[in-house]
1. Step through the residues of the stretch 58-70 one at a time and calculate ³J(HN,Hα) from phi using the Karplus curve (6.51 cos²θ - 1.76 cosθ + 1.60, θ = phi - 60°), rounding each to whole Hz and writing x for Gly and Pro.
2. Report, by chain and number, residues whose modeled amide H sits under 5 Å from the one on Met92, excluding near sequence neighbours (fewer than 5 apart, same chain).
3. For a quick check: with amide H placed at 1.01 Å from N, whose amide H comes under 5 Å from Ile205's, ignoring anything fewer than 5 positions away on the same chain?
4. What does the charge count around Phe99 come to, taking other residues whose C-beta lies under 14 Å from its C-beta (Lys +1, Arg +1, Asp -1, Glu -1)?
5. Using only the alpha carbon atoms of the stretch 51-228, find the Kirkwood hydrodynamic radius as the inverse mean reciprocal pair distance, in angstroms to one decimal.
6. In Å and from the alpha-carbon atoms only, list the Rg and Dmax of the stretch 72-128.
7. Once amide H atoms are built 1.01 Å from N in the peptide plane, which residues 5 or more positions from Ala153, or in another chain, come under 5 Å H to H?
8. Can you tell me the order of 156-168, 181-193, 85-97 when each peptide is scored by its average per-residue count of other Cβ atoms within 10 angstrom, highest first?
Amino acid sequence: MAAPRRVTGVTMVELLVAMTVTILVIAIASLAYSRFSGEWDGRLGRFEGARADYQGLAVLFEALSGGVAWVVRDAAGEPGFYFLGREEGLTMVTLSPVFADSYPAVIRVFRERQSDGTAEALWQLVYEEASLEGLVLREAGQRLPFAARMVVARDLRELSFEYHGWASLEARLSADDDPRAVRRWFGEYDGLLTRQQPERLRLLIDGQSVVLALPAQGREAINQFLAAD
């Protein structure tokens, strides 16, 4: 006579152990996914921020490269160039503004302290624009409607401006006779005083140096301005 088969099964203890292990696996997987998702969102956010800064800088550089040597009169009636550059920023006329359509504009590009409550002192790069549509810019002291504003880049630890050119119109005119007369870099450049416009602009951004060419004109543009009066 054959022996009866032995029936096997899962005990309650084994079932509880299996369920516990399964719950632990699910919990660990959920935690890992949560951390991965948070890290991915952070990296994606930083990427989007970097992309936005790059696009803003590209638009800014186009506006600066479209600068024009614009002659105006100072408070004494003497002609000079509508350009004022300091370490913290500059003001000039461009033919390639960001917001104005088919019209030149006066632009201001400058650094500004961020007020986001962080302990670290950071800068943001700001662009402002006043369209010359319907306006004739002939006086340096004219009040202009700076109605457009754009924050180009944020969270900058270092941001400053420098200008390369002649110290004055006289220095440029004497360059043929004086080999020591050379262009150099300035931390401040006033087109009304020098009766020149710098030839190059340098932005120092977080250890990186960006140099842009500017339209440098002198006596010829002033003579044309005086002849048009």
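Read-outs throughout are calculated quantities, based only on the coordinates presented, and are distinct from any laboratory measurement. Just so we're clear, the structure is a prediction, and the values are computed from it rather than from any experiment. Methodologically, a virtual Cβ is constructed for each residue, glycine included, from the backbone with ideal geometry; neighbour enumeration extends over all protein chains shown.
1. 4, 5, 4, 4, 5, 5, 5, 5, x, x, 10, 7, 9
2. Distant-sequence amide H within range of Met92: Ile107.
3. Here Val210 satisfy the definition.
4. Neighbourhood net charge equals -3.
5. Values: mean 1/r = 0.0587 Å⁻¹.
Hydrodynamic radius (Kirkwood, Cα pairs) of the stretch 51-228 is 17.0 Å.
6. In order Rg, Dmax, the Cα atoms of the stretch 72-128 give 15.4, 48 Å.
7. Amide H to amide H, under 5 Å and 5 or more residues apart or across chains, Ala153 pairs with Leu125.
8. 85-97, 156-168, 181-193
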